[in-house]
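J.: Take a look at the following structure, please.
The numbers here are math on the coordinates, done by the rules we state, and not lab data. Bear in mind that the values here come from a model prediction, so they are computed numbers and not experimental data. Every residue, glycine among them, receives a Cβ derived from its backbone with ideal geometry; neighbour counts consider all protein chains shown.
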Amino acid sequence: MNHYTVQPIPLHDRATESYQVPYQKLIVDNLSTESKIGVNDIIYVNGWAPAHSGFEPPLNESFVSKIKNSIVANGESGRVDVAVLRVGFFVEKNVADDIVFVGLFMVGRERGFKCDADVNVKTERDSQRITLTHEIRRPHFDNQEQIRQFIETCQTDLISQLADSIKKAI
């Protein structure tokens with residue numbers, strides 16, 4: 001991923017499809033904050049490195065807008081409250097990625113990419129915190145459009161998972 005890109009990657013404010021939930025009212029609160037990661041923030045661990053920056057609007061705002069615009073309350077009664085606590089985008093990383101010489105030979109290898117969100121779903125009967133996750137393995141992204149498409153697909157999948165969780169909460 002090119003950290004020198006100035007042009008932010010534009011994100012949509014709705015998922016690629018709408019999801020119906022059997023409540024009369026859906027309230028969405030954004031309790032998340034945008035994760036700020038500097039170019040010099042190096043993570044010397046195996047695991048997942050955050051890659052949240054460079055999106056417009058920020059990932060958390062885009063996700064909240066998608067929930068509001070893509071989950072439709074069409075029930076006769078009841079209310080569901082969704083609080084978005086955290087939204088993330090990560091790339092799988094290992095210590096060898098920090099060693100420039102080794103990194104040159106690893107550029108084309110497949111690695112994991114994931115987006116996730118921590119949300120709280122509260123109904124009259126129950127309140128539960130859930131983590132929604134979408135993960136793929138692939139070689140690096142060739143351009144910003146491929147990254148944008150992944151994030152859109154990823155967030156749409158998270159919205160679908162969230163809608164399913166809301167339906168099960170009845």
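J.: Please tell me which of these pairs span more than 18 angstrom C-alpha to C-alpha: K68/K122; K93/K114; K114/K167; K66/K93; K114/K168?
T.: K114/K167; K66/K93; K114/K168
J.: Also, I was wondering about something else. I need the phi-derived Karplus couplings for the stretch 146-160: 6.51 cos²θ - 1.76 cosθ + 1.60, θ = phi - 60°, integer Hz, Gly and Pro marked x.
T.: Going residue by residue, I get 5, 5, 4, 4, 4, 4, 4, 4, 4, 5, 4, 5, 4, 5, 4 Hz, with x marking Gly and Pro.
J.: Which whole-angstrom value gives the distance between the alpha carbon centres of the stretch 57-97 and the stretch 113-138?
T.: About 8 Å separates the Cα centre of the stretch 57-97 from the one of the stretch 113-138.
J.: If each of R109 and E92 carries a label point 7 Å out from its Cα toward its Cβ, how far apart are those two points in nm?
T.: 1.0 nm
J.: Could you give the length gained on full extension between D126 and K25, defined as 0.36 nm per residue of separation minus the Cα-Cα distance, in nm?
T.: My answer for the length gained is 34.8 nm.
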